[in-house]
Amino acid sequence: FFMAAFYLMPLWVMITTSVKHLDEIYAGSFIGLPQQISFDAWRTAWSEACNGTACKGLKPYFINSLLLTIPAVIMSTGIGAINGYVITKWRFPGSNVIFGLLLFGCFLPFQAVILPMAQTLGILGLAGSLPGLVLVHTVYGIAFTMLFFRNYFVSIPDELVRAAKIDGAGFIRIFVSIMLPAALPIIVVSCIWQF
């Protein structure tokens, strides 16, 4: 309990001081509860805080972050889910080699791919743009999400997929109707990891 309290103390101080008036903070009350709750500091940070010479607040940067993370998380999780499904349930000649190459992407240091990635973004005309950042985060996350889904889908019996094939279900139907509903826990883990 004491270690948790010690660890969480900076978070407590940050939250309590953010809802206090400046006079109360200047009086030296950092740890105690506020005498009167005020969200003025939050409003100022959201709409008026200065970043360098621009005083636009945090709102445009927060929206920018959402525009980056939401598509990147959805795309890399979706591609990783399909890759994990194909690698485990639709084996083909060379699937182990492809899995190994994709797995290699998990251990590739980001510094090793910065220059080729920057050149690729320049060729595609996406350098310095939000779609370029989304592409980078999506591509870099595919190896991890594929590994998560592959390890999860291995635990689903192959007989289930065979039975669905006998009943006439195809690749997409099996993926959407059987694999994805069974994979809800790993979808959450993958989204949290990518986020």
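The values are calculated or read from the model by the stated rules, or taken from the named source; none is laboratory data. Computed from a predicted structure; not experimentally measured. Cβ sites come from the backbone with ideal geometry, for glycine too, and all protein chains shown count toward neighbours.
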| Residue list for region 145-170, filter: touching a Lys or Arg at 6+ places or on another chain (Cβ under 9 Å), closer than 23 Å to GLY100 by Cα and either among the acidic types (Asp, Glu) or in a helix (DSSP H, G or I) (or both) | PHE153, ASP158
| Within the set of pairs 6 or more residues apart or between chains, which connect a residue that is closer than 12 Å to LEU22 by Cβ inside region 33-52 to a residue that is β-branched (Val, Ile, Thr) and assigned to a helix (DSSP H, G or I) with Cβ atoms less than 9 Å apart? | PRO34/THR16; PRO34/THR17; ALA41/THR17
| Inside region 1-39, can you point out the residues that are at pLDDT 90 or above and touching a helix residue (DSSP H, G or I) at 6+ places or on another chain (Cβ under 7 Å)? | none
| Residues of region 8-60 satisfying the condition of being assigned to a helix (DSSP H, G or I) and β-branched (Val, Ile, Thr) | VAL13, ILE15, THR16, THR17, ILE25, THR44
